[in-house]
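See below for the structure under consideration.
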Amino acid sequence: MTAFAAEIVRASAGDAQDLSVLSAELFPLGCPADTAAADLAAYIDRELTPERFRSLLEDDCNAILVARISSKLAGYAMIARAAAPQPSLANCELRKFYIAPAYHGTGIAHALMEQVLGLAADTPDTGLWLSVFSGNTRAIAFYRRWGFRVTGIHDFLVGSDPQRDFLMERESPAGP
Ligand SMILES: CC(C)(COP(=O)(O)OP(=O)(O)OC[C@H]1O[C@@H](n2cnc3c(N)ncnc32)[C@H](O)[C@@H]1OP(=O)(O)O)[C@@H](O)C(=O)NCCC(=O)NCCS
């Protein structure tokens, strides 16, 4: 049960600006604390602009969910039809999953994950994979709780900084 009433819906083009602002604010939380500001800025300027979100939203291979509390964006998630960087049974990526710090530990992340898995279950894909910084213990614990397990290690490039990530997989998008 969530302590706050979150409205979770599919994002539309009208959400691109708010998604850009929130994602730029939250992206550093998933990175090592010592990531250089220039590397964070390079990633944010390339990947998290309103234009980038508009183009992601126009592409049928992606789906973005937004969680709003009192009409304000409090988190978002994105799934994409994409192969994992290593051999994997999963072919649907949970590419983004971020909740604003004010709502960590409130259950909103769980409500969002339920909706993500429901959405993924509607696709023909056979499993979900994700990439998470190997030192992000809170996110890793959260994903484990939802049935993801670590199946590999790879480098994720933030600017010019290769960060050591875990590849995590969940066999069935929606199963138990
Ligand atoms: C990852 C995230 C979505 C999880 O949502 P949340 O509301 O914080 O999740 P919870 O409070 O349920 O915590 C998840 C688990 O971590 C544990 N935890 C809490 N604080 C922790 C900490 N500092 N270190 C390690 N584990 C921690 C909780 O006990 C819980 O485990 P449990 O379910 O086995 O009890 C959220 O923290 C977030 O958005 N973080 C910043 C962005 C991010 O890192 N996204 C992932 C990018 S891949």
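What is the order of MET113, MET168, fewest Cβ neighbours within 10 Å to most?
Going from sparsest to densest Cβ surroundings: MET113, MET168.
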Label-point separation in nm, HIS104 to ARG81, each point 7 Å along Cα→Cβ: 3.5 nm
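Treating the beta-carbon of each Lys and Arg as +1 and of each Asp and Glu as -1, no other charges, what is the dipole magnitude of segment 1-156 about its Cα centre, to the nearest 20 debye? Numbers along the way, then the final one.
Values: 13 positive and 17 negative charges, 96 e Å.
Roughly 460 debye for segment 1-156.
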Sites ASN91 and GLU58 - FRET efficiency at Förster radius 25 Å, r taken between beta-carbons, to 0.05: 0.75
Local net charge near LEU57, Cβ-Cβ under 15 Å (Lys/Arg +1, Asp/Glu -1): -1
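Would you mind counting up the charge near ASP18? Only other residues with Cβ under 13 Å from its Cβ, with Lys and Arg at +1 and Asp and Glu at -1. Don't skip to the end; give the middle numbers.
Values: positive: ARG54, ARG68, LYS72; negative: ASP15, GLU25.
Combined, the nearby Lys, Arg, Asp and Glu give +1.
Charges at C-beta only: +1 for Lys and Arg, -1 for Asp and Glu. How large is the resulting dipole of segment 120-161 about its Cα centre, in Debye rounded to 20?
Details: 4 positive and 4 negative charges, 65 e Å.
The dipole magnitude comes to about 320 debye.
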In nm, spacing of pseudo-spin labels at ARG149 and GLU25 (7 Å Cα→C-beta vector): 3.8 nm
Gain upon complete extension [ALA37, THR137; 0.36 nm per residue less C-alpha separation]: 33.8 nm
Estimated inter-spin distance, GLU171 and ALA5, nm [label 7 Å along Cα→Cβ]: 4.0 nm
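Just to check, using Stokes-Einstein with a Kirkwood Rh over alpha carbon pairs, what's the diffusion coefficient of the chain at 4 °C and 1.567 mPa s in µm²/s? Present the calculation step by step, with values, prior to reporting the outcome.
Numbers: Rh = 16.4 Å.
Taking Rh from Cα pairs, D becomes 79 µm²/s.
Readers should treat all values here as calculations from the given coordinates under stated rules, not as data from a laboratory. Everything numeric here is computed off the predicted structure, so don't read it as measured data. Note that each Cβ is placed from the backbone with ideal geometry, even for glycine, and that neighbours are counted across all protein chains shown.
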